[in-house]
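This report refers to the structure that appears directly beneath it.
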Amino acid sequence: QYLPDLLEITSARAVPKPVSDPEIPMMNASMTVSALRQWFQYDGIHYPYNTVFVLGLDNTHISGIVDKKILFEITADPETPLSQVMSRKVYSVYADNSLHLAVEFMLKTGQNILPVFDRVSRSLEGFVTESDVLGVFGERIRHDEHQSRHISMVSATLRVISKSKQYFASRTNRA
């Protein structure tokens with residue numbers, strides 16, 4: 001049975017984490033390098049992503065990203081604002097893009113989280129993560145296992161019915 005590529009048929013809209021997800025904080029551009037480092041050491045110690053999003057000075061849009069690894073490697077003055085050390089290249093996907101494109105961007109950039117925007121309004125709809133992509137495959141596997149169990153049950157039932165017919169036919173022929 002042909003099964004289409006899940007990454008091609010699933011849109012980013014189907015899996016995003018909401019903008020309000022407390023697991024994905026948005027940092028202010030005026031926040032300092034030392035403040036973000038401190039956040040990672042305490043509040044963000046379990047932050048599962050390698051990219052932190054930085055809001056513009058107006059706090060309404062994503063203006064950049066900070067790579068967690070680079071944050072701890074840079075030798076910038078600890079009081080330097082994030083706006084001066086962030087990358088302004090924000091890779092993102094539109095809600096109607098396929099997960100295939102999201103995975104391509106994740107592989108290209110090394111980011112394990114991408115913002116998802118509405119194509120028309122350009123508003124932030126949420127985020128797609130590598131675990132969301134794996135979740136899509138998990139759903140397919142669970143579906144396939146369920147379908148396989150169903151087929152096995154049907155097959156077993158048909159074998160029982162067939163044997164029952166043979167048994168009763170042989171009993172009828174003896175009588």
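The values are calculated or read from the model by the stated rules, or taken from the named source; none is laboratory data. Since this is a predicted model, take the numbers as computed values, not measurements. FYI the Cβ positions are ideal-geometry reconstructions off the backbone, even for glycines, and counts take in every protein chain you see. For accessibility, only protein heavy atoms count, side chains too; no ligands or nucleic acids. Shrake-Rupley method; radii C 1.70, N 1.55, O 1.52, S 1.80 Å.
Taking segment 62-175 as the region of interest, none of the helices (runs of 4 or more DSSP H) fully inside it holds 2 or more residues being aromatic (Phe, Trp, Tyr) and either within 21 Å of Gly44 (Cα to Cα) or modelled with pLDDT of 90 or more (or both). From the set of residues in segment 20-53 that are under 20 Å from the mean Cα position of the chain (by Cα) and closer than 15 Å to Arg88 by Cα, which is surrounded by the fewest Cβ atoms within 10 Å (Cβ to Cβ)? Top of the filtered list is Met26. In segment 73-93, the residues that are on the phi < 0 side of the Ramachandran plot reach residues that are open to solvent by 60 Å² or more (accessible area, probe 1.4 Å) with C-beta atoms within less than 6 angstrom, at least six apart or across chains, in these pairs: Pro81/Ser30.
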